[in-house]
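Written out below as structure tokens is the structure these notes cover.
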Amino acid sequence: MVKVKAPKTPKQRRRRRIVWIVVGSLLVILIAFRIALPYILLRFVNKELQTIPGYTGHVDDIDVALIRGAYTIKVIKLDKTGGKIPVPFFSAEKIDLSVEWRALFHRRLVGKIIVLHPIINFAKGPTKETSQTEIPTQSWTAVVGKLMPLKINRFEIMDGEVHYLDFYSNPKVNIFATDIHILATNLSNALKQKVELPSSVEATCSGIYGGHANLHMKLNALDSIPTFEAKAELLDMDVAKLNDFLSAYGKFDVKQGNLSIYTEAAAKDHKLTGYAKPIIKDLRVVNWKEDKDHPLKLAWEALIGAVNWVVKNKGKDQTATRIEFSGDLRDPNINTWYIISQVLRNGFIQALYPALENSVNMNTVDQVKITNGKVEKKSKKEVRKEEKKKAKEDRKKDDKKKDDNANTT
């Protein structure tokens, strides 16, 4: 027997029509909101970029990807106000801000930022208005915090450039590093690692006047006091390609030479320790053919070449020094006379091995003490005493844990 549906009453038809109207209206509102969202975000971002003191910013366009929880800023520029510097302080092709879905597996809602082809231009001029060498950090981080409401856990820079320019020197200076890649991970410790330095930064630069550089860093990005270990190398940079810079500020140029710099640093509890080891190989300063018509310059270059000959290691044809630094982060201490003594020591006694020493870490920071603002290195006796004290405290903590576990059982 076939059942026949009863015809709908006018009330039912009216109710159904109302439902369809409500659903349709919501759908139209959502579509309209999705269409308007990029323009709303564009206006918001451009407004926030105007709040950085001394700078003005602009974004050309914004794309929104709701499915992956992201939006992309296209062609951003940040210029110093006043119009006296012809290049922006910062620019980038794209900045992608999104949810880091991987962190959801660790029950953490955090964000990630990827910056494509950013360029930073540091400019030096005779006045403050014609220079752009720094930007208010607090203002900049505040703007980033508004653009990315989630805690940033991953940050990546791809194909970056850094320039140092001087439009007022003679000759004009434009030294730069290109092809920079930086990857910072676990900045908010979304992986919940129970270690002192849960975050990491890896950076490389392959476009630096025939040389290349790399950085390896472990840090606690959540600590308000800088806490990190870092190692960096700049290898085989052609010094002769910096002749505009050397001529503008040193009044000399070089015929040939390769520069490498090795450095390590570590910091915690407001204390910093580390070293920098620059090494110049095969340096030739005097260029008789090119500078024969400039006797004063030739004399100055000859003097520099003579000093280089005195301090360099003759067996390896290299000039090097090891610059140690340590102290309070608010007042780093580097002694000039110590630098000179290290240059002479390397030149006359021994050559410095051109490599990282792996001698600076969190433990070496503990060997630094600050007394009345004076930075000193702890004696072996003081270090041993503190190690014994710490070991005793650790044993007490372990015994207390055992007693607590026994009482709980």
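The values are calculated or read from the model by the stated rules, or taken from the named source; none is laboratory data. Just so it is clear, the model here is predicted, and its values are computed rather than measured. Quick reminder, even Gly has a Cβ in these numbers, built from the backbone with ideal geometry, and neighbours come from all protein chains shown. Protein only, heavy atoms only, side chains kept; ligands, DNA and RNA dropped before computing areas. Shrake-Rupley method; radii C 1.70, N 1.55, O 1.52, S 1.80 Å.
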Does Thr56 fit the bill of being out of contact with any Lys or Arg (no Cβ under 7 Å at 6 or more places or on another chain), modelled with pLDDT of 85 or more and open to solvent by 60 Å² or more (accessible area, probe 1.4 Å)? no
Taking Val87, is it over 25 Å from Ser169 (Cβ atoms) and of a type in the set (Val, Ile, Thr)? no
Of the residues in segment 118-148, those that are touching a strand residue (DSSP E or B) at 6+ places or on another chain (Cβ under 6 Å), open to solvent by less than 40 Å² (accessible area, probe 1.4 Å) and within 27 Å of Asp63 (Cα to Cα) number 4
Need pairs with beta-carbon distance below 9 Å; first residue on the phi > 0 side of the Ramachandran plot and within segment 230-248, second surrounded by fewer than 18 Cβ atoms within 10 Å (Cβ to Cβ); sequence gap 6+ or separate chains. Asp236/Gly210; Asp236/His212
Residues located in segment 238-257, provided they are of a type in the set (A, V, I, L, M, F, W, C) and part of a helix (DSSP H, G or I): Val239, Ala240, Leu242, Phe245, Leu246, Ala248
Quick check, is Val22 among the hydrophobic types (A, V, I, L, M, F, W, C), assigned to a helix (DSSP H, G or I) and either surrounded by fewer than 16 Cβ atoms within 10 Å (Cβ to Cβ) or modelled with pLDDT under 85 (or both)? yes
So which residues in segment 42-59 are closer than 30 Å to Arg102 by Cβ and touching a helix residue (DSSP H, G or I) at 6+ places or on another chain (Cβ under 9 Å), if there are any at all? Phe44, Val45, Glu48, Leu49, Val59
Could you list all residues from segment 160-186 that are at positive phi and either of a type in the set (A, V, I, L, M) or surrounded by fewer than 16 Cβ atoms within 10 Å (Cβ to Cβ) (or both)? Asp179
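Out of all the residues in segment 105-146, which are charged (D, E, K, R), over 14 Å from Lys80 (Cβ atoms) and without any contact (Cβ under 8 Å) to a residue 12 or more places away in the chain?
The answer is Arg107, and nothing else.
Conditions (1) within 24 Å of the chain's Cα centre (by Cα); (2) at pLDDT below 90; (3) open to solvent by 30 Å² or more (accessible area, probe 1.4 Å), marked per residue:
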{"residue": "Pro7", "(1), (2), (3)": "no, yes, yes"}
{"residue": "Arg68", "(1), (2), (3)": "no, yes, yes"}
{"residue": "Lys94", "(1), (2), (3)": "yes, no, yes"}
{"residue": "Leu97", "(1), (2), (3)": "yes, no, no"}
{"residue": "Ile114", "(1), (2), (3)": "yes, no, yes"}
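Of the residues that sit in segment 29-46 and are within 16 Å of Leu78 (Cα to Cα) and over 26 Å from the mean Cα position of the chain (by Cα), which one is surrounded by the fewest Cβ atoms within 10 Å (Cβ to Cβ)?
Pass one, segment 29-46, residues within 16 Å of Leu78 (Cα to Cα): 42-46.
Retained after the next criterion (residues that are over 26 Å from the mean Cα position of the chain (by Cα)): 42-44.
Numbers: Leu42: 17, Arg43: 12, Phe44: 14.
The extreme case among them is Arg43.
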Six or more apart or on different chains, Cβ under 8 Å: which pairs go from a residue in segment 37-56 that's over 15 Å from Ala70 (Cα atoms) to one that's open to solvent by 30 Å² or more (accessible area, probe 1.4 Å) and β-branched (Val, Ile, Thr)? Could you list them? Leu49/Thr56; Gln50/Thr56; Ile52/Ile135; Gly54/Thr81; Gly54/Ile135; Tyr55/Thr81; Tyr55/Ile135; Thr56/Thr81
Would you mention how many residues in segment 77-92 are part of a loop (DSSP other than H, G, I, E, B), touching a Ser or Thr at 6+ places or on another chain (Cβ under 8 Å) and open to solvent by less than 50 Å² (accessible area, probe 1.4 Å)? 1
One residue from Val162, Val143 being at pLDDT below 90 and within 30 Å of Lys47 (Cβ to Cβ): Val143
Restricting to segment 149-159, and then to whatever is open to solvent by 40 Å² or more (accessible area, probe 1.4 Å) and aliphatic (A, V, I, L, M), can you tell me which residue is farthest from Tyr249 (Cα to Cα)? Leu150
All positions within segment 199-240 that are touching a Phe, Trp or Tyr at 6+ places or on another chain (Cβ under 9 Å) and β-branched (Val, Ile, Thr): Val201, Ile208, Val239
Take segment 195-232 and flag every residue that is in contact with a Cys (Cβ under 9 Å, 6 or more places away or on another chain), open to solvent by 30 Å² or more (accessible area, probe 1.4 Å) and of a type in the set (A, V, I, L, M, F, W, C). Leu215
Restricting segment 201-232 to residues that are among the small types (Gly, Ala, Ser) and either outside any loop (DSSP other than H, G, I, E, B) or in contact with a Leu (Cβ under 9 Å, 6 or more places away or on another chain) (or both), the one nearest to Val162 (Cα to Cα) turns out to be Gly207
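From Leu272, Leu235, grab the single residue that is within 24 Å of the chain's Cα centre (by Cα), in a strand (DSSP E or B) and surrounded by 19 or more Cβ atoms within 10 Å (Cβ to Cβ).
After applying the criteria, what remains is Leu272.
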